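Colleague: Before we start, here is the structure in question, set down as structure tokens.
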There are 2 protein chains.
Amino acid sequence: MWIRVLGSAAGGGFPQWNCGCTNCAGVRAGTLRATPRTQECIALSADGKSWFLLNASPDIRVQLESFPPLQPQRTRHTPIEGILLTSGDLDHCLGLLSLRESQPLVVYATQTVRAGFVEENAFARTLQRFDGHTTWHRLEPGRVQALHSSQRGNSGLTVLPLLVEGKPPLHFLGFPTPGEEHTIGFIVSESSSGKSLAYFSSVAKITERLCALLDEVDLLFFDGTFWSEDELIQAGVDRKRSWELAHLPISGVNGSLRALERVRCPARVYIHVNNTNPILRDDSPERQIVTQAAWQVAVDGMEFRI
Amino acid sequence: MWIRVLGSAAGGGFPQWNCGCTNCAGVRAGTLRATPRTQECIALSADGKSWFLLNASPDIRVQLESFPPLQPQRTRHTPIEGILLTSGDLDHCLGLLSLRESQPLVVYATQTVRAGFVEENAFARTLQRFDGHTTWHRLEPGRVQALHSSQRGNSGLTVLPLLVEGKPPLHFLGFPTPGEEHTIGFIVSESSSGKSLAYFSSVAKITERLCALLDEVDLLFFDGTFWSEDELIQAGVDRKRSWELAHLPISGVNGSLRALERVRCPARVYIHVNNTNPILRDDSPERQIVTQAAWQVAVDGMEFRI
């Protein structure tokens, strides 16, 4: 499986348009050892021809232009065979609306995420311009399903979606939500090699079942949003603690670094990194801690072959 | 007035994600003399401190990062005092949803464009997280109004919105539209100098009244979407003629080049240029024709002071 990180930052990206925190101001001024990042999205393929995206970030246009295998080979064409959504948060699905030029699209999502996107949104009609414009495949947590290639039939990949503790998107705050399946992670497996990737970019709680599953995968992308529980408060940008935003922090007695310490997965990557997170600075003590614990920090353009 | 072109391409940008036409394939391969362009948006300011955007393109994140005067000067801040929309087309307003990090926003739009954005869109609720999150000012075609600066009161700028022949956004195709004021252009004037800018990035028809107004301005941005009426058909990407998309082509007996020939405005710029348009190639005969007629072709990063 060929995996390319197209975007590695949390919602807003790094730097974030209205943020002048230490990290954002420093990366703009060039005074920090840090690399700008677009919003979280990865591309993967078994054969290098049929590609799938995990999430569709608002930065999708520049992300697709950054990676030639995702570019058209004919007058109207895309090698993207499907887009899998982990949630209905705008940083995960808004990019779908940038793919609106009458190109047939295939989207995989839970019934909750699909309903949240199509049912109350006039904008979503831009992806319903003709019969067959957008095909939604329902992801059912716990059920393995094949990822289909329109060009080749079998893409060689299967996905196991898994429900994780999360929260409804902010635009449902105070409104009834269309279901309960708000946040999922994926185990994507390649049929021929048996290799697999775990993708959990938003996680509020780590269960024993999750740890057992992660023992079996070859590569793990995990929620690296916040270093600490009170990071936004410390940075002076928000009053919310990480758990109120449904993200487990990396550090601390209940953090992911410790909770995943004994997981046997050989390659681990923190992704969906918020602009306030000190691990974005290449020379920070916090970066050193995650590196020493054999974690990598995702950056746009990073690739893996498993 | 200080004017900066943040984006100069029509919807989809240049190159467009699923397009392999001569222009898009050539600019990706580096075999054409052409510059990539993001989707149409300009920034303007009377004092270099309070800024206004005309349109909010899906590329807004990279556009704001490309121009330091639009970046925050404190932990949470933006120098953007208002965003004026010419239409409810997604390439003109989707970027608003990328400005959702709890920053108070001011948007100027007709009642039709406002209703199309807020009334049927669950996504739009992400800009209504608290009282005063987004303030909508109604633009009434034909009525001059001041652009307000929250920091300084008077921004030194006024806007005259003018209704132009256009069409409802594609996501209203087959649905009732919330009014008639779908497409407008602007005359933005600086009170102290009397200098003014005309901005008409989507125009289906040029009237005598419009020509008379353009006689009086110092700088004109005009709809440069298509070179010819059958450009999309020739490129093999669509069956629609330019008039079906509510854009007057540049060339031809009814084109804008001829219709605006006698307008006295001293500086003219084609903007909202579609990826199929031959004027995107720096050395094309079509570029030579517009250049000889004293028109410029907008490119990201271009600036004017009037």
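Colleague: Within region B:242-280, work out how many residues are over 23 Å from B:CYS211 (Cβ atoms) and surrounded by fewer than 18 Cβ atoms within 10 Å (Cβ to Cβ).
Modeller: 1
Colleague: To continue, here is another question. If you scan region B:173-185, which residues turn out to be farther than 13 Å from B:ALA246 by Cβ and within 9 Å of chain A (Cβ to nearest Cβ)?
Modeller: The answer is B:GLY174, B:PHE175.
Colleague: If you don't mind, there's one more thing I want to ask. Looking only at residues in region A:184-196 that are of a type outside the set (Phe, Trp, Tyr) and under 23 Å from A:GLN111 (Cα atoms), which one is most open to solvent (accessible area, probe 1.4 Å)? Walk me through how you get there before you give the answer.
Modeller: Start the filter on region A:184-196 by keeping residues that are of a type outside the set (Phe, Trp, Tyr), which leaves A:184-185, A:187-196.
Retained after the next criterion (residues that are under 23 Å from A:GLN111 (Cα atoms)): A:184-185, A:187-189.
On the way: A:ILE184: 4, A:GLY185: 0, A:ILE187: 16, A:VAL188: 1, A:SER189: 32 Å².
Among them, the one singled out is A:SER189.
Colleague: Only one residue in A:LEU248, A:LEU232, A:LEU220 is among the hydrophobic types (A, V, I, L, M, F, W, C) and within 14 Å of chain B (Cβ to nearest Cβ), so which one is that? First the steps, then the outcome.
Modeller: Working: A:LEU248 fails: within 14 Å of chain B (Cβ to nearest Cβ); A:LEU220 fails: within 14 Å of chain B (Cβ to nearest Cβ).
The match here is A:LEU232.
Colleague: Which of (1) without any contact (Cβ under 8 Å) to a residue 60 or more places away in the chain; (2) of a type in the set (S, T, N, Q); (3) open to solvent by 10 Å² or more (accessible area, probe 1.4 Å) is the odd one out, the single condition A:SER284 does not satisfy?
Modeller: Condition not satisfied by A:SER284: (3).
Colleague: Condition test on B:THR158, is it in a strand (DSSP E or B) and either over 15 Å from the mean Cα position of the chain (by Cα) or within 14 Å of B:GLU140 (Cα to Cα) (or both)?
Modeller: yes
Colleague: Evaluate region B:80-98: report whether one residue or more is assigned to a loop (DSSP other than H, G, I, E, B) and under 26 Å from A:ASP238 (Cα atoms).
Modeller: Taking region B:80-98 as the starting set, the residues that turn out to be assigned to a loop (DSSP other than H, G, I, E, B) are B:85-89.
Now drop any that are not under 26 Å from A:ASP238 (Cα atoms), which leaves none.
Within region B:80-98, none of the residues are assigned to a loop (DSSP other than H, G, I, E, B) and under 26 Å from A:ASP238 (Cα atoms).
Colleague: Identify the single condition in (1) hydroxyl-bearing (Ser, Thr, Tyr); (2) in a helix (DSSP H, G or I); (3) modelled with pLDDT under 95 that B:SER102 does not satisfy, given that it satisfies every other one.
Modeller: (2)
Colleague: If you take the residues of region B:219-239 that are among the charged types (D, E, K, R) and in contact with a Leu (Cβ under 7 Å, 6 or more places away or on another chain), which of them is most open to solvent (accessible area, probe 1.4 Å)? Spell out how you get there, then give the answer.
Modeller: Our first condition is that a residue be among the charged types (D, E, K, R); within region B:219-239, this holds for B:223, B:229-231, B:238-239.
When the remaining residues are screened for being in contact with a Leu (Cβ under 7 Å, 6 or more places away or on another chain), the result is B:223, B:238.
Values: B:ASP223: 0, B:ASP238: 62 Å².
My answer is B:ASP238.
Colleague: The conditions are (1) within 11 Å of chain B (Cβ to nearest Cβ); (2) in contact with a Phe, Trp or Tyr (Cβ under 7 Å, 6 or more places away or on another chain), and A:GLY48 fails exactly one of them. Which is it?
Modeller: Result: A:GLY48 passes all but (1).
Colleague: Do we find a residue being within 14 Å of chain A (Cβ to nearest Cβ), crowded, with 22+ Cβ neighbours inside 10 Å and closer than 28 Å to B:LYS240 by Cβ anywhere in region B:161-170?
Modeller: Yes - at least one qualifying residue is present in region B:161-170.
Colleague: Give region B:122-150 a look and list any residue that's open to solvent by 60 Å² or more (accessible area, probe 1.4 Å) and within 11 Å of chain A (Cβ to nearest Cβ), or say none.
Modeller: Step one: of region B:122-150, the residues open to solvent by 60 Å² or more (accessible area, probe 1.4 Å) are B:128-131, B:137-138, B:140, B:143-144, B:146, B:148, B:150.
Within region B:122-150, B:GLN128, B:ARG129, B:PHE130 meet the criteria.
Colleague: Now a separate question. Give the residues of region A:106-121 that are surrounded by fewer than 21 Cβ atoms within 10 Å (Cβ to Cβ) and either in contact with a Leu (Cβ under 6 Å, 6 or more places away or on another chain) or facing chain B (nearest Cβ under 9 Å) (or both), sorted by residue number.
Modeller: Passing the criteria: A:GLU119, A:GLU120, A:ASN121.
Colleague: For A:ARG76, indicate whether it is facing chain B (nearest Cβ under 9 Å), closer than 25 Å to B:ARG239 by Cα and surrounded by fewer than 23 Cβ atoms within 10 Å (Cβ to Cβ). It would help to see each step written out before you state the result.
Modeller: Numbers: facing chain B (nearest Cβ under 9 Å): yes; closer than 25 Å to B:ARG239 by Cα: yes; surrounded by fewer than 23 Cβ atoms within 10 Å (Cβ to Cβ): yes.
Yes: the conditions hold for A:ARG76.
Colleague: For region B:1-45, enumerate the residues that are more than 11 Å from chain A (Cβ to nearest Cβ), over 20 Å from B:GLN63 (Cα atoms) and not in a helix (DSSP H, G or I).
Modeller: B:GLY30, B:THR31, B:LEU32, B:ARG33
Colleague: Same structure again: Of the numbered conditions (1) in contact (Cβ under 8 Å) with a residue 60 or more places away in the chain; (2) touching a helix residue (DSSP H, G or I) at 6+ places or on another chain (Cβ under 7 Å); (3) over 29 Å from A:LYS195 (Cα atoms), A:THR134 fails exactly one; give the number of that condition.
Modeller: Result: A:THR134 passes all but (1).
The values are calculated or read from the model by the stated rules, or taken from the named source; none is laboratory data. Just so it is clear, the model here is predicted, and its values are computed rather than measured. Neighbour counts run over all protein chains shown; Cβ positions are idealised from the backbone, glycine included. The accessibility values were calculated without ligands, DNA or RNA, using every heavy atom of the protein model including side chains. Shrake-Rupley method; radii C 1.70, N 1.55, O 1.52, S 1.80 Å.
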